[in-house]
Amino acid sequence: WWRGLELAENLKFSRDRLMENYVCTIGVNFNPLLSVCRKGHTKLNCLITTIDDVYDVYGTIDELELFTEAVD
C-alpha cells in the first residue's frame with residue numbers, strides 16, 4: 001500500500017519512514033491479536049508524517065494559519 005501511494009517518489013522532501021512508524025506502533029499495540037489495528041495505526045502515522053513534512057516545507061504563513069485553524 002505504501003509503494004502504491006508513491007508518496008516517497010512524488011514528494012522527495014518527505015520522510016519515508018514506514019518501518020519506524022511500524023516499530024512505534026508495535027510499542028503501543030504489541031498483542032498479536034491486534035495486527036489489523038497495527039496496520040491501520042501504521043498507515044495513519046505515515047500519513048501524519050507526510051502531512052507534517054508538507055506543512056514544514058511548502059506552507060506559507062497564511063496557508064499554515066488556515067490549515068491550523070481548520071484542524072483545531
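Residue pairs whose Cβ atoms lie under 9 Å apart, sitting 6 or more positions apart in sequence or on different chains, and linking a residue in region 7-33 that is assigned to a helix (DSSP H, G or I) to a partner that is aromatic (F, W, Y), are A8/W2; L18/W2.
If you scan region 43-72, which residues turn out to be over 15 Å from the mean Cα position of the chain (by Cα), assigned to a helix (DSSP H, G or I) and more than 17 Å from L11 (Cα to Cα)? Those that are over 15 Å from the mean Cα position of the chain (by Cα), assigned to a helix (DSSP H, G or I) and more than 17 Å from L11 (Cα to Cα): I61, D62, E63, L64, E65, L66, F67, T68, E69, A70, V71.
For region 23-50, a residue qualifies if it is in contact with a helix residue (DSSP H, G or I) (Cβ under 7 Å, 6 or more places away or on another chain) and surrounded by 17 or more Cβ atoms within 10 Å (Cβ to Cβ), and the qualifying residues are T25, N29, R38, H41, T42, N45, C46, T49, T50.
Each reported figure results from applying straightforward, stated rules to the coordinates on display, with no laboratory input. The structure displayed is predicted, hence computed values, not measured ones. Ideal geometry is used to build each Cβ from the backbone, glycine not excepted, and the neighbour counts take in all protein chains shown.
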